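Have a look at the structure below, then the notes.
What follows is calculated from the coordinates using simple rules that are stated; it is not laboratory data. Quick caveat: nothing in here was measured; it's all calculated off a predicted structure. With ideal geometry, Cβ positions are generated from the backbone for all residues, glycine too; neighbour counts draw on all protein chains shown.
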Amino acid sequence: MKLIKISTLSLAVVASIYSFQVQAESDIPSISVEGTELSDVSGEQIKSADLAEALTRNIPGISLIRRSGIANDIILRGQNKDNINILIDNAKIYGACPNRMDPPTSHVLTNNIESIEIIEGPYDVENFGTLSGAVKVKTKKPEEDLHGEVSVNFGRWNYEKQAMTITGGNEKVRGLVSISSESSGQYRDGDGNDFDEQIEASNPGSTMTHYKTENRNMDAYDKKTFMGKFYFNLIDNHEMAISYTANRSDDVLYPSSKMDALYDDSNILNIDYSITNLGEFSKKLDFQYYDSDVEHPMSTFYRNSSGMNSMNERISKLTTRMQGFKVKNAFDINSTTEATIGIDTSNRNWDGEYIGSGMAAYLNGRMSIDDVDTKNKAIFAELEKRYTDFTLNLGARYDDTSIEPDGTQQDNDYDSFSAFARGTYKFNNTTNFFGGIGKSSRVPDARELYFKSAGMNAMMPQAETGTPDLDDTTNYGIDFGMENNFQNLTIKTKVFYSSLKDYIYYNADKTANNFENIDATIYGFDVSGMYSFTDEVYLDFGLAYQRGEKDKALDGQTDKDLANITPAKLNLGLNYDYMPNSSAKVEVIAADTWDNYDADNGEQEIDSYAVMNMKVRHGLSKHFEVTVGVDNVFDKTYAVNNTYKDLTLLFDGTGDVMMLNEPGRYYYVNAAFKF
């Protein structure tokens, strides 16, 4: 049954419930024009450490891009990659891989996350490059006195995870240390195929892209992390926070790609200094410096294509580093008006080289991205004005950005102005209206501007996939919604429309300079809420739908469908809180047939799906709890992400891009001791 039938039925049920119009509170995440906030992420999202999966399961407007057993990417409002701003404690980290094997979401683990704020649309002026939205991750904070948690997690396909967090201190000095280790074998899809068998099923005639016999049963990944945070309040009204996060991932397999990651190492250093109540014109003054880096070598080492003893191994090694400094000052203009002004600067360096041995030795000395610096300077301001029943928020930002490669390719300079206005109106005790209009921009990245392919042999020159004269993309967006709170029901409905000017898009028909600027529109709606049957039993629900179209088809093409526009997606969860610290949940995640897709640029139709997941968390005591869960209960074979050719993926036997299936039935158990 297609999801559209499920969605229609769900909306009918919601409408029937809505007609009772009885008032109460809701425990679901808060949703407004800005987006959604998830709380207690470390306590709830324990199936794995993958942030992308956690977001997909909880936010109907976010969809997963499956690349492997971990390190997956997300789509928000039909956009992904640099169109989404990912921040970890307000620090930015970028992946080094141009093929998105190490997206920003892969550099923080759910067991270290306290909350996540998702801002949908052009309503963030504090940070550089927020186009379709922002995902703001807040990690755990140190607490006073001694507390801690030790947890172990085991799952199907030899999944293992151990984690420990210890925090303590006093009102002057507090610290937190968290460590974890996680590994997993290759998952199998609903047909029972592991990674190599999925490659075989997709293209039976292929041999070079298969894993070598000795590597076919190797683990899918091994991941170790460390996070340390320290807060100092040695002077009244002064607070200093220092944090460092290290991620070390080894031997990460990407079955639908031509290469796998030998390792993926990242570091995030973040220093914050805050001073409160300085005077009439400074309620809070914040200084922030952050420094993040990623090293990511991809290789054919585990594949047949590298030859016997990997004598013809090909490596694409990339590094990236992001440094940023921000100052902002918040102050009250009067009792109902608050303002914030600030300066934001950053520099991203991205460097990539090819390395080869044996027959691939010709690669040595060739660059994929030649030491590119993206330097940004910006000023921003925000204003909040509160009336009796209405709150108005205004924001503006001016950016000056230069992008400079080290080689002979051209430099680029961009300047842009971003702004928004949004408001919330309390109509009565049960109904709020909210809306916003905004404009935001993001500059092209070094891959889109300058990337060069490796070349097939010493005689073949490198093809320039990047297009060095791209314009920056601008999003003109509008949102409108309504929130209703009744005794047993909370429901929030939102519609949005985005007009994208000079949207950066991949043209698969070109032999070089594949990225180009186009104009496009994306529009849609989402409905989220909760209905309480009793104090212990409640239903949470979410439905998201969007459509995206180019203003005109690309030259030589006819398809006007925009890529990465996921079909309607439905999240339903029935919850039972049967005693303190104990709960059970049955959820259904479903999506309609993906039948609006960009066939000219590699996308294909994907069948609808509906999967059921079950989880029980039981508190054995005040300090000890056990969680048992089963995902994809009926072992369904399905895929969630399409095959847009802006990623370099394997081809199947018919000439289409290989479709990577989701995991089949997966069961897990987690035990946690807290003190």
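Observations on the structure shown:
- Difference of contour (0.36 nm per residue) and Cα-Cα distance, Leu574 to Val150: 149.8 nm
- Tyr531, Tyr497 arranged by Cβ crowding within 10 Å, fewest neighbours leading: Tyr497, Tyr531
- Over 32 Å (Cα to Cα) - which of Lys284/Lys439; Lys501/Lys585; Lys283/Lys674; Lys47/Lys328; Lys494/Lys674; Lys585/Lys674 fall in this group: Lys501/Lys585; Lys283/Lys674; Lys47/Lys328; Lys494/Lys674
- In this simple spin-label approximation, His618 and Phe675 carry label points 7 Å from Cα along the Cα→Cβ vector, and these lie 2.5 nm apart.
- Computed extension gain for Phe325 through Gln487, at 0.36 nm per residue and net of the alpha carbon distance, reaches 53.7 nm.
- Model label sites at Asp656 and Val626, defined 7 Å from Cα along the beta-carbon direction, differ in position by 4.4 nm.
- Subtracting the Cα-Cα distance of Leu383 and Thr593 from 0.36 nm times their residue separation leaves 71.3 nm of extension gain.
- Proxy reagent accessibility, fewest Cβ within 10 Å first, across Arg397, Arg100: Arg100, Arg397
- Descending semi-axes in Å of the chain, equivalent ellipsoid built from Cα gyration tensor: 37, 31, 28
- Counting all C-alpha pairs of the stretch 385-437, share separated by more than 18 Å (%): 56 percent
- For the chain, the residue among Tyr609, Asn349, Ser202 whose Cα projects farthest onto the positive side of the dipole built from Cβ charges is Tyr609.
- Listed by chain and number, the aspartates and glutamates whose C-alpha is less than 19 Å from the C-alpha of Lys172, apart from same-chain residues fewer than 8 away, are Glu143, Glu144, Asp145, Asp236, Glu239, Asp272, Asp286.
- Other residues with beta-carbon under 15 Å from the beta-carbon of Phe624 carry, at +1 per Lys or Arg and -1 per Asp or Glu, a net charge of +1.
- At an R0 of 60 angstrom, the distance between the Cβ atoms of Met208 and Lys284 translates into a FRET efficiency of 0.55.
- Test item: Cα-centred dipole of the stretch 3-674, Lys/Arg +1 and Asp/Glu -1 on Cβ, debye: 920 debye
- With a Förster radius of 60 Å applied to the C-beta separation of Thr337 and Asp191, the computed FRET efficiency comes to 0.50.
- Think of the stretch 3-674 as having a plus end and a minus end, set by charges on the Cβ of Lys, Arg, Asp and Glu; of Phe287, Phe451, Leu38, Leu38 sits farthest toward the positive end of this dipole.
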